[in-house]
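Q: Dumping the structure here so I can ask a few things about it.
The values are calculated or read from the model by the stated rules, or taken from the named source; none is laboratory data. Here the structure is a predicted model, which means the values were calculated and not measured. Note that we place each Cβ from the backbone using ideal geometry, even for glycine, and neighbour counts take in every protein chain shown. Please note that ligands, DNA and RNA were not included when accessible areas were found on the heavy atoms of the full protein model with its side chains. Shrake-Rupley method; radii C 1.70, N 1.55, O 1.52, S 1.80 Å.
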Amino acid sequence: MIRIALESDIPAMLAIYAPFVEHTTVSFEYTVPTREGFTRRFRSVTDQFPWLVWEEDGAVLGYVYATKPFERAG
């Protein structure tokens, strides 16, 4: 099921994101954001744009969000 993300989903979303930062080049980040940093990002994004999660059997398996273009280096 796809649904609107909640702050309570942040640990699961960070767990999904961390390996991409640490082991691939698909992210423009060099270090995994802290939970506090990711929460600030979540709040900033959701003030203006949707942030969705894909949930199955109570587990968050993926997420997506929209932002303004060119806000981060890359």
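Q: Within the chain, what whole-number % of the accessible surface is contributed by carbon and sulfur, with the 1.4 Å probe and all protein chains included in the calculation?
A: Values: 3140 of 5310 Å².
Here carbon and sulfur together make up 59 percent of the probe-accessible area.
Q: Per-residue ellipticity at 222 nm for the chain, helices alone: DSSP H runs ≥ 4 residues times -39500 (n - 2.57), over residue total, nearest 500 deg cm²/dmol?
A: Working: 2 runs with 26 residues, N = 74.
Computed ellipticity for the chain at 222 nm equals -11000 deg cm²/dmol.
Q: Moving to a separate point now. Using only protein heavy atoms and a 1.4 Å probe, report how much of Met1 is accessible, in Å² to the nearest 10.
A: Solvent-accessible area, nearest 10 Å²: 120 Å².
Q: Less than 11 Å Cβ to Cβ from Asp9, Lys/Arg counted +1 and Asp/Glu -1: what total charge do the surrounding residues give?
A: Values: positive: Arg3; negative: Glu7, Glu55.
Value of the local net charge: -1.
Q: Going through the chain, which trypsin sites (Lys or Arg not before Pro) have at most 11 other Cβ atoms within 10 Å and a DSSP loop state? It would help to have the intermediate numbers written out before the result.
A: Numbers: sites: Arg3, Arg35, Arg40, Arg41, Arg43, Arg72; in loops: Arg72.
Sparse-neighbourhood loop trypsin sites (Lys or Arg not before Pro): Arg72.
Q: Report, by chain and number, residues whose modeled amide H sits under 5 Å from the one on Trp51, excluding near sequence neighbours (fewer than 5 apart, same chain).
A: Those lying under 5 Å, H to H, from Trp51 are Ala5.
Q: Run the numbers on the chain and let me know its relative contact order in percent, using alpha-carbon pairs under 8 Å that are six or more apart. Let's see the in-between values first.
A: Values: 78 pairs, mean separation 26.7, N = 74.
Relative contact order here is 36 percent.
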